[in-house]
Amino acid sequence: MDAIVEDGWRAFLEREFGVMRPDDEVAVAEMVVDEPDRHDWRVVDAAYDRLTCGECGERLSRGPAGCAPCDLANGFRYVAVETPRPGTHPYNEHALRVNVSVVRRPSGIAPTEVRLRALALPVLLEGVVPTTAQAQAIRAMANKGVDLETIAAVIYEEWGRG
């Protein structure tokens, strides 16, 4: 899943700056996070990956819930642009973005929620957009304690048909 973000970063750098040294990437990352609303979410997420939180020492935005700088950066990531991938419904991009962000920063998120989001990623990458009813059915299964293998089978077999 990190490759989704990293591929977006590499394409951005190549398009805007050409080949860069890693040290120069930090300066670009600082620029990007200063104006997250001007960049695709993949670029913003990757920029945060290149910066270190002064409070917790983790990658900025990915530190533990309760770390003020990471919490703030995590919130700002959601003002970034969602550019739909060719041939996919725009809602798919939003679902992909949210699931990636939850899986990449699971702190403060219920473990079951993180697992459900991770299970959905392969299907979302294929361009599927689950219906509200499908997503609610998966949540209900998890709430009832249905095992993850069964839930995964429903996601992989049923989503996209509905």
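Laboratory data are not the source of any read-out in this text; all were calculated from the coordinates shown. Since the structure is predicted, the reported quantities are computational estimates derived from the model, not experimental observations. Don't worry about glycine lacking a Cβ; one is built from the backbone with ideal geometry, like all the others, and counts go over all protein chains shown.
Could you rank the peptides 3-13, 146-156 by their average count of other C-beta atoms within 10 Å per residue, with the highest value first?
Those peptides, ordered most packed to least, come out 3-13, 146-156.
State whether region 2-49 is rounded, prolate or oblate according to the following rule on the C-alpha gyration tensor (a ≥ b ≥ c being the square roots of its eigenvalues): a/c under 1.5 gives rounded; otherwise a/b larger than b/c gives prolate, and the remaining case gives oblate.
Details: a/c = 1.41, a/b = 1.10, b/c = 1.28.
Rounded is the answer for region 2-49, as its axis ratio a/c remains below 1.5.
Can you list residues from other chains, or at least 5 along the same chain, whose modelled amide H is less than 5 Å from the amide H of T52?
L60
How far apart, in nanometres, would the label points at A110 and R38 be if each is projected 7 angstrom from Cα along the Cα-to-Cβ direction?
4.0 nm
Can you divide the C-alpha Rg of the chain by 2.2 N^0.38 Å and report the result to two decimal places? Could the numbers behind the result be given before it?
Numbers: Rg = 16.9 Å, N = 162, 2.2 N^0.38 = 15.2 Å.
Taking N as the residue count of the chain, the ratio is 1.11.
Nearest 20 debye, what's the magnitude of the dipole of the chain about its Cα centre given +1 on Lys and Arg Cβ and -1 on Asp and Glu Cβ?
On the way: 18 positive and 26 negative charges, 105 e Å.
Result for the chain is approximately 500 debye, rounded to the nearest 20.
Relative to a virtual label point 7 Å from the Cα of F17 in the Cα→beta-carbon direction, which members of region 39-57 show backbone nitrogen distances below 12 Å?
47-48, 50-51
I'd like to know which of N92, L125, G145 lies farthest towards the positive end of the charge dipole of the chain, counting +1 on Cβ of Lys and Arg and -1 on Cβ of Asp and Glu.
Farthest along the dipole direction, towards plus: G145.
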